[in-house]
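Participant: Handing you a structure now.
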Amino acid sequence: MANRKIKNKNIFILGVGSDIGAALAKYYINQGHQVFGTYRTASSIKSISASKNIHLFKCDLADKSGIKKCADKYKALGKPWEIFISCAGTMEPIGKFFKVDFDEWENSVIVNSTAQLRFLHELYPCRRKNSLDHVVFFAGGGTNNPFTNYSAYCVSKIMLIKMCELLDDENKDLNTFIIGPGWVRTKIHTETLQSRLAAGSSYGKTKQFLKSSAPGTDYQDIFDCINWCINQGRRVAGGRNFSVVYDAWQNKGKSLAGQLRADPDKFKLRRFKNN
């Protein structure tokens with residue numbers, strides 16, 4: 001899909017060491033943008049660290065004080081961001097709610113939701129002013145059904161989905177939306193493979209996917225979907241949850257854009273069959 005190029009932007013990617021984060025960083029850098037990103041381990045940024053158009057900050061989202069220190073380092077650069085993308089996350093602990101350690105469960109909820117929101121809260125004052133900026137989160141399994149044995153990850157993603165709507169409602173200067181990428185070949189699946197019995201049926205499904213020839217969602221499609229939502233603006237994308245794989249955004253997505261402009265409830269968290 002051909003997208004209108006977004007020129008000369010400062011892009012902040014939380015979790016740029018993730019496979020999706022690194023791929024997005026490469027796309028933006030190749031288009032001439034400046035990327036700023038956080039990572040947790042040095043090994044996760046080998047493919048992008050040599051670029052002259054990326055500025056990296058080591059940050060553990062489980063550490064509140066570390067988040068503030070990292071945000072302060074970014075603020076000191078004086079580079080207002082136009083696009084904030086959060087790619088951070090973990091599916092652990094995997095297992096039934098009453099069988100996993102609650103401290104681990106709670107920490108997962110923090111890393112997968114509130115810590116990401118904390119970082120955005122810290123960076124909001126140093127966005128580009130007097131124009132529309134964009135905030136992108138990633139959704140996960142469990143939006144339309146139970147995500148068995150992944151409760152911490154699931155409820156965190158539901159929180160982010162609703163927060164996108166709340167942030168859109170409260171902030172007219174932000175186009176805030178969330179993207180469900182579908183099955184992507186990333187290292188996060190290692191967590192499921194290592195969990196085996198605790199993962200339940202997801203273990204077999206994940207193993208089968210990784211052993212198959214199925215390519216999964218292409219990084220280019222994720223990048224293009226994000227740019228489509230950015231190009232459409234708040235009236236179409238703001239506060240909504242998009243599926244890269246199943247929504248008709250490709251080929252300019254004119255029909256989908258029209259549907260979303262006409263229905264403020266579409267692609268948002270709502271009760272099912274409550275009328």
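The values are calculated or read from the model by the stated rules, or taken from the named source; none is laboratory data. Note that the structure is a prediction, hence the values are computed from the model and not measured. So basically every Cβ, Gly included, is an ideal-geometry build from the backbone, and we count neighbours across all protein chains shown.
Participant: Quick check: anything in segment 60-77 under 18 Å from the mean Cα position of the chain (by Cα) and free of Cβ contacts under 8 Å to residues at least 40 places away in the same chain?
Facilitator: Within segment 60-77 (the criterion being under 18 Å from the mean Cα position of the chain (by Cα) and free of Cβ contacts under 8 Å to residues at least 40 places away in the same chain), the answer is yes, since at least one residue qualifies.
Participant: Next question. Could you list all residues from segment 237-258 that are within 19 Å of residue 175 (Cα to Cα) and out of contact with any Phe, Trp or Tyr (no Cβ under 9 Å at 6 or more places or on another chain)?
Facilitator: Those that are within 19 Å of residue 175 (Cα to Cα) and out of contact with any Phe, Trp or Tyr (no Cβ under 9 Å at 6 or more places or on another chain): 244, 254, 258.
Participant: Can you tell me which residue in segment 121-155 is nearest to residue 177 (Cα to Cα), limited to those that are out of contact with any helix residue (DSSP H, G or I) (no Cβ under 6 Å at 6 or more places or on another chain) and either among the acidic types (Asp, Glu) or assigned to a strand (DSSP E or B) (or both)?
Facilitator: 135
Participant: Which residue, of 108, 86, 113, is of a type in the set (S, T, N, Q), surrounded by 18 or more Cβ atoms within 10 Å (Cβ to Cβ) and touching an Asp or Glu at 6+ places or on another chain (Cβ under 9 Å)?
Facilitator: From the options 108, 86, 113, the qualifying one is 108.
Participant: Oh, and also: Counting only residues that are assigned to a helix (DSSP H, G or I) and among the basic types (Lys, Arg), which one in segment 156-184 is farthest from the chain's Cα centre (by Cα)?
Facilitator: So, considering only residues that are assigned to a helix (DSSP H, G or I) and among the basic types (Lys, Arg), the one farthest from the chain's Cα centre (by Cα) is 162.
Quick grid of which residues meet (1) in contact with a Lys or Arg (Cβ under 8 Å, 6 or more places away or on another chain); (2) among the basic types (Lys, Arg); (3) over 26 Å from residue 182 (Cβ atoms); (4) at pLDDT 95 or above:
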| residue | (1), (2), (3), (4) |
| --- | --- |
| 59 | yes, no, yes, yes |
| 77 | no, no, yes, yes |
| 80 | yes, no, yes, yes |
| 90 | no, no, no, yes |
| 93 | no, no, no, yes |
| 96 | no, yes, no, yes |
| 111 | no, no, no, yes |
| 119 | no, no, no, yes |
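Participant: Another question, if that's okay. Can residue 139 be described as modelled with pLDDT of 95 or more, small (Gly, Ala, Ser) and within 26 Å of residue 238 (Cβ to Cβ)?
Facilitator: Answer is yes for this residue.
Participant: Quick one: in segment 116-156, which of the residues that are under 19 Å from residue 9 (Cα atoms) and basic (Lys, Arg) is surrounded by the most Cβ atoms within 10 Å (Cβ to Cβ)?
Facilitator: 127
Participant: What do you reckon, is residue 174 closer than 17 Å to residue 237 by Cβ and of a type in the set (A, V, I, L, M)?
Facilitator: Taking the combined requirement at face value, the residue satisfies it.
Participant: Here's something else I'd like to know. Please identify the pairs in which a residue from segment 106-135 that is over 13 Å from residue 89 (Cβ atoms) has its Cβ atom under 6 Å from the Cβ atom of a residue that is small (Gly, Ala, Ser) and surrounded by 21 or more Cβ atoms within 10 Å (Cβ to Cβ), counting only partners at least 6 apart or on another chain.
Facilitator: Pairs found: 122/71; 123/71.
Participant: For segment 12-56, give me each residue that is within 23 Å of residue 217 (Cβ to Cβ), of a type in the set (S, T, N, Q) and over 16 Å from the mean Cα position of the chain (by Cα).
Facilitator: 30, 31, 44, 47
Participant: Note down all Cβ pairs under 8 Å where the first residue falls in segment 228-256 and is at positive phi, the second is polar (S, T, N, Q), and they're at least six residues apart or on different chains.
Facilitator: 233/175; 239/176; 253/232
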